[in-house]
Amino acid sequence: MSTFFWLPIDYNVKSFNKHAALDLIRFSGAGMSRTDIAEQMGLTRAAVSLIVKELLESHVVQETESRSAPSGRPPIVLEINPDRGLVGAIDMGATHMTIAVADFAARIHQEAEIQFDIKDGPGVCLEKADISLRKMLEGQGLSISDLSATGMGVPGPVITEAGTVVAPPIMPGWDGYPIRTSLEKMWGCPVTLNNDAELGALGEWAYGAGRGEKNIAYIKVGTGVGAGLILNQQIYGGTMGAAGEIGHLTIDENGPLCDCGNRGCLEAFAGGNAIARQGQLLAKSGKRTLLSNTPVNRITAVEVADAARRGDLRAQEILRRAGTYIGIAIAGLINLFNPSVVIIGGGVSQVGDILTVPIRQAVRERAMRASEQGVRITTGMLGRRSILIGAIVQAVNIAIHHAAENKASISKEAAIETMEIN
Ligand SMILES: [Zn+2]
């Protein structure tokens, strides 16, 4: 049984089954009975009873009546106790960040989107995140000490162990900055740091279009283009945590200059900036387009997508071309990894079919038949929240496994009560 997720490294082998059972319950969707746990883990009823007793004592798990029973007295199932604690989450993009507070069942209680510019560097941006998160908590009569953990995603290659980014093309000034440790110092709780596409994959795998799948790829099409991979139900980050940089696959060695310094990368053809540039050229060309209503320097990928959705054929053509290039890169990825689902996410993907139809076509034309026939290409089910929810999954992962080891500490319940009164 490989449902098991990530065992935090500091737990002893004796409690391995307990943490594995906790993950089973956590990702089961509708809760799990003791019998189901015994069957799936190959354990005896007695062993499961013991594990469940401990989980109940730690208040991480609670009993409830199954909602999916067809008739008669509903069986008792186990589910995560949402009121056991809270986590924070931050999805940092290039031009805006989303901040949220969620419970242990990964349900979002509060969420806010803040405009900023990642080019201002870590000092300014992390302070902005800090102020916004604190303000959000204060509004509910809570404080930063009520968070058991916080998960964060950034649009660059992350060295997970170090909690830093390395040479991120669209994050000037962030290279090597100790993001995780400075946030942990600021907030006094564990912080996880991941690449945003990685978290998108995780969010969709846990609660969205990749649910129950073993191998999935999530392609984030935003200002940057990146891929998050889940292989054998684990995030695949590679040796340095830098896997999935699909945006910097070379499409044409003599193509346009990319932010990374190379020429003709996928991102330079199909990323948000490339789409914006083509939209600006179109507006300046004097050809008929809805984009000529917008001042040229204000045209971003959002305006191009908007015009495309309103039926502007030339704007649609820009996105179709971007889709074809993305599809070519995805065909390569499918040939290499043979995933069962490829999920297209990120801001640009909100245009839907205008982008996904040419992607599917390019994949059909170019991927090897064996891989191509088994793959589903779809947009994310969580929409613009895939990455945010992935960050919540990461934070909850640390929080509940810690809580499961720590029966005595239920201090978070007081905080929850305060929140409900408000
Ligand atoms: Zn590049």
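Here, each number is a calculation from the coordinates, and none is a lab measurement. Predicted model only: the values in this text are computed from it and were never measured. A quick note on method: Cβ atoms are made from the backbone with ideal geometry, for glycine too, and the neighbour counts reach across all protein chains shown.
Using the reciprocal of the averaged 1/r over all distinct C-alpha pairs, how large is the Kirkwood radius of segment 199-287 in Å?
Values: mean 1/r = 0.0693 Å⁻¹.
Every distinct Cα pair counted, the radius reaches 14.4 Å.
Have a look at the DSSP beta bridges in the chain and tell me what percent are antiparallel, nearest 5. Let's see the in-between values first.
Numbers: 32 of 53 bridges.
So the antiparallel bridges amount to about 60 percent of the total.
Nearest 10 degrees is fine. How inclined is helix 16-26 to the longest principal axis of the chain, computing both from alpha carbons?
Tilt relative to the chain: about 60 degrees.
Rounded if a/c is under 1.5, else prolate if a/b is larger than b/c, else oblate: which is segment 129-227, with a ≥ b ≥ c the root eigenvalues of its Cα gyration tensor?
Verdict is oblate for segment 129-227.
So what's the back-of-envelope 222 nm ellipticity for the chain, counting only DSSP H runs of four-plus at -39500 (n - 2.57) apiece and dividing by all residues, rounded to 500?
Using -39500 (n - 2.57) per qualifying helix, the result is -12500 deg cm²/dmol.
Report, in degrees rounded to the nearest 10, the 0 to 90 angle that the Cα long axis of helix 386-405 makes with the longest principal axis of the chain.
20
From Cα pairs below 8 angstrom and at least 6 apart in sequence, can you work out the relative contact order of the chain, rounded to a whole percent? Walk me through the intermediate numbers first.
On the way: 870 pairs, mean separation 71.4, N = 422.
After rounding, I find 17 percent.
At a threshold of 8 angstrom on Cα-Cα distance, excluding pairs fewer than six apart, so keeping six or more, what relative contact order does segment 81-216 reach in percent?
Normalised by residue count, the contact order of segment 81-216 is 21 percent.
Relative contact order (percent) for segment 256-383, with alpha-carbon contacts under 8 angstrom and 6 or more residues of separation?
Working: 183 pairs, mean separation 28.3, N = 128.
The value is 22 percent.
If a/c stays under 1.5 just call it rounded; otherwise compare a/b with b/c (prolate if a/b is bigger, oblate if not). Do that for segment 290-396, with a ≥ b ≥ c from the square roots of the Cα gyration tensor eigenvalues. Don't skip to the end; give the middle numbers.
On the way: a/c = 2.82, a/b = 1.33, b/c = 2.11.
It is oblate, given that a/c is not under 1.5 and a/b is not larger than b/c.
Over the chain, with a Gaussian network built from C-alpha contacts below 10 Å, which listed residue (Ile299, Ile246, Ile131) shows the highest mean-square fluctuation?
Judging by the Gaussian network model, the answer is Ile131.
Given that compact globular proteins tend to follow 2.2 N^0.38 Å, what is the ratio of the alpha-carbon Rg of segment 304-367 to that value?
Compactness ratio reported: 1.13.
Kirkwood hydrodynamic radius, the chain, all distinct C-alpha pairs: what's the number in Å? Show your work: numbers first, answer last.
Values: mean 1/r = 0.0443 Å⁻¹.
Computed over Cα pairs of the chain, the Kirkwood hydrodynamic radius comes out at 22.6 Å.
Within 10 Å of each residue's Cβ, count the other Cβ atoms and sort Arg180, Arg263 from fewest upward.
Arg263, Arg180
May I ask for the angle, rounded to the nearest 10°, between helix 313-337 and the longest principal axis of the chain, with both axes built from Cα atoms and the value confined to 0 to 90°?
The angle comes out near 50 degrees.
Need one word for segment 49-200: rounded, prolate or oblate. Basis is the Cα gyration tensor (sqrt eigenvalues a ≥ b ≥ c); a/c below 1.5 gives rounded, then a/b vs b/c decides.
Note, shape of segment 49-200 comes out prolate.
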